[in-house]
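Worksheet: the structure to be examined is printed underneath.
The values are calculated or read from the model by the stated rules, or taken from the named source; none is laboratory data. Small disclaimer: the values here were computed from a predicted structure and weren't measured. Cβ: placed from backbone, ideal geometry, glycine included. Neighbour counts: every protein chain shown.
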Amino acid sequence: MSIPTEPIGSIPRPYALIDAVRKFRSGGLDQRDLDAVYADALSDTIRRFEETGSPVITDGEQTKPSFATYPLEGLTNIAPDGVVISFEDGHSRQLPKLVAGPFRYRLRAETYLKSALSLARTPVKQAVISASALSLIYPAEGIEGYSRTAFLDDLVREAEMDIRGCLANGACNVQIDFTEARLSVKLDPSKNLLQSFINLNNRVLERFTEDQRQQIGVHTCPGGDQDSTHSADVDYAELLPSLFKLRVGNFYVQLASEKSPERALRAIKQSLRPGQRVFVGVIDVVNPEVESPELVRDRVLQAAEYIPVGQLGTTDDCGFSPFGDDTSTARDTAFAKIRARVIGTQLAAVALKRE
């Protein structure tokens, strides 16, 4: 018996990379020099990822500005004063705002994937941003000559092409980052906003075949940035039944940092459908303490009490540094935690085989 285990996405960037990006943006470094630093960071990340023994890796999002805004880099029809996302420690992140149509991705995730595959000997998954997250860049006041309906039609097409490009170029699977799901319940307890997000993402997913959707997954968490979250105070049970209505084969669910994991597991058990696999979070990326393999094993065994082993996998709660300037977690810590996840998952598989 084996239990699949996968990372979520981001790995803390080396300080040299963060400094190089800062210098580039201030005009103190040219593109060629920045690209050389990017290449070094990517190569080191792939090597260290593979050394953890993880059967699936990512590029660590080393060359992404953030998990959310990569398609927008370099667009000329956006402004910086979009929706603000507030975190519990008081800091915030701000999305760009679309100021004119039509909407098109300027950069697709397959670009990152190709670079990773050129270096990796291990299967590579690719994270993409959800259509629902990018829907937030359309301004509430609208755009003259470009309706919200037209924008959403363009967005759905672009999101489909982003996923399709990754599958076509060799991703072992594609993970849609849907971290705004739990936040939407906080912003709108009626869950109408959540339902609109589910519907929009399903518009993208219904463009794929059933077999293709088995290679597509959705990640949910309460946000994770600078060791803080934006929606951990929201009752997970209010989200999970709706989440499992998404037409994907895989669900990556934050759980290790959850205050009531049993409550969340009961909600998963009630919502899980045949053909769906749940990768439960067994690594708390906000906590700097490295989990022991035995703790990971025990978290997996707890999840196996609610989820059939044939539908169970393990993951990290979130990416370690979803925004490019986040230095709250050390690279060594992130890779040590990943190694603990791999070993702990193997220990759990052995224990379950004996039962």
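So which residues in region 166-182 are in a helix (DSSP H, G or I) and under 19 Å from the mean Cα position of the chain (by Cα), if there are any at all? It would help to see each step written out before you state the result.
Just the residues of region 166-182 that are in a helix (DSSP H, G or I), to begin with: 166-168, 180-182.
Answer for region 166-182, where residues must be in a helix (DSSP H, G or I) and under 19 Å from the mean Cα position of the chain (by Cα): CYS166, LEU167, GLU180, ALA181, ARG182.
For residues in region 194-210 being of a type outside the set (Ser, Thr, Tyr) and free of Cβ contacts under 8 Å to residues at least 40 places away in the same chain, which is surrounded by the most Cβ atoms within 10 Å (Cβ to Cβ)? Can you show your working first?
Filtering region 194-210 for residues of a type outside the set (Ser, Thr, Tyr) gives 194-195, 197-208, 210.
The next check asks that each one be free of Cβ contacts under 8 Å to residues at least 40 places away in the same chain; those that pass are 199, 210.
Details: ASN199: 11, GLU210: 9.
Here the answer is ASN199.
Among ARG121, ARG48, ARG108, which is farther than 28 Å from ARG164 by Cβ, among the charged types (D, E, K, R) and either surrounded by fewer than 16 Cβ atoms within 10 Å (Cβ to Cβ) or at pLDDT 95 or above (or both)?
ARG48
Counting just the residues of region 124-150 that are farther than 30 Å from ARG48 by Cβ and among the small types (Gly, Ala, Ser), which one comes out modelled with the lowest pLDDT? First the steps, then the outcome.
First, the residues of region 124-150 that are farther than 30 Å from ARG48 by Cβ: 131-132, 134-150.
Remaining after also requiring among the small types (Gly, Ala, Ser): 131-132, 135, 140, 142, 145, 147, 150.
Working: ALA131: 98, SER132: 97, SER135: 97, ALA140: 93, GLY142: 96, GLY145: 96, SER147: 98, ALA150: 98.
Within region 124-150, the match that is modelled with the lowest pLDDT is ALA140.
Taking VAL185, is it modelled with pLDDT under 95, of a type outside the set (Ser, Thr, Tyr) and assigned to a helix (DSSP H, G or I)? Even if it seems obvious, please write down each step before you answer.
Numbers: modelled with pLDDT under 95: yes; of a type outside the set (Ser, Thr, Tyr): yes; assigned to a helix (DSSP H, G or I): yes.
It is true that VAL185 is modelled with pLDDT under 95, of a type outside the set (Ser, Thr, Tyr) and assigned to a helix (DSSP H, G or I).
Determine whether LEU155 is touching a residue at least 40 places away in the same chain (Cβ under 8 Å), in contact with a Ser or Thr (Cβ under 7 Å, 6 or more places away or on another chain) and in a helix (DSSP H, G or I). Let's see the steps before the verdict.
On the way: touching a residue at least 40 places away in the same chain (Cβ under 8 Å): yes; in contact with a Ser or Thr (Cβ under 7 Å, 6 or more places away or on another chain): yes; in a helix (DSSP H, G or I): yes.
Yes: the conditions hold for LEU155.
Residues in region 23-75 that are in contact with a strand residue (DSSP E or B) (Cβ under 9 Å, 6 or more places away or on another chain) and not in a loop (DSSP other than H, G, I, E, B): how many?
Here the count works out to 9.
Which members of region 140-171 meet the condition of being in contact with a strand residue (DSSP E or B) (Cβ under 8 Å, 6 or more places away or on another chain), over 19 Å from ASN199 (Cβ atoms) and buried (at least 16 other Cβ atoms within 10 Å of the Cβ)?
Quick first cut of region 140-171, residues in contact with a strand residue (DSSP E or B) (Cβ under 8 Å, 6 or more places away or on another chain) only: 143, 151, 159, 162-163, 166-167, 170-171.
Subsequent filtering for residues that are over 19 Å from ASN199 (Cβ atoms) retains 143, 166-167, 170-171.
Once the filter is applied, which keeps residues that are in contact with a strand residue (DSSP E or B) (Cβ under 8 Å, 6 or more places away or on another chain), over 19 Å from ASN199 (Cβ atoms) and buried (at least 16 other Cβ atoms within 10 Å of the Cβ), region 140-171 yields ILE143, CYS166, LEU167, ALA171.
In region 80-124, which residue that is in a strand (DSSP E or B) and over 20 Å from the mean Cα position of the chain (by Cα) is nearest to SER66 (Cα to Cα)? If you could, list the steps in order and put the result at the bottom.
First, the residues of region 80-124 that are in a strand (DSSP E or B): 84-86, 92-94, 97-98, 124.
Cutting the leftovers down to over 20 Å from the mean Cα position of the chain (by Cα) gives us 97-98.
On the way: LYS97: 16, LEU98: 18 Å.
So the residue we want is LYS97.
For ASP326, state whether it is in contact with a strand residue (DSSP E or B) (Cβ under 7 Å, 6 or more places away or on another chain) and closer than 19 Å to ILE11 by Cα.
On the way: in contact with a strand residue (DSSP E or B) (Cβ under 7 Å, 6 or more places away or on another chain): yes; closer than 19 Å to ILE11 by Cα: yes.
So ASP326 passes the test.
Can you run down the residue pairs with Cβ atoms below 7 Å, 6 or more apart or on separate chains, where the first is in region 30-59 and over 12 Å from SER115 (Cβ atoms) and in contact (Cβ under 8 Å) with a residue 24 or more places away in the chain and the partner is buried (at least 20 other Cβ atoms within 10 Å of the Cβ) and aromatic (Phe, Trp, Tyr)?
Here the result reads ARG48/PHE335; THR52/PHE335; ILE57/PHE49, each pair linking region 30-59 to a residue that is buried (at least 20 other Cβ atoms within 10 Å of the Cβ) and aromatic (Phe, Trp, Tyr).
If ALA127 satisfies every condition in (1) in a helix (DSSP H, G or I); (2) among the aliphatic types (A, V, I, L, M); (3) touching a strand residue (DSSP E or B) at 6+ places or on another chain (Cβ under 9 Å); (4) crowded, with 19+ Cβ neighbours inside 10 Å but one, which is the exception?
(1)
Going by what's in this entry, would THR220 be described as of a type in the set (Ser, Thr, Tyr), in contact (Cβ under 8 Å) with a residue 12 or more places away in the chain and farther than 23 Å from ASP162 by Cα?
No, not satisfied.
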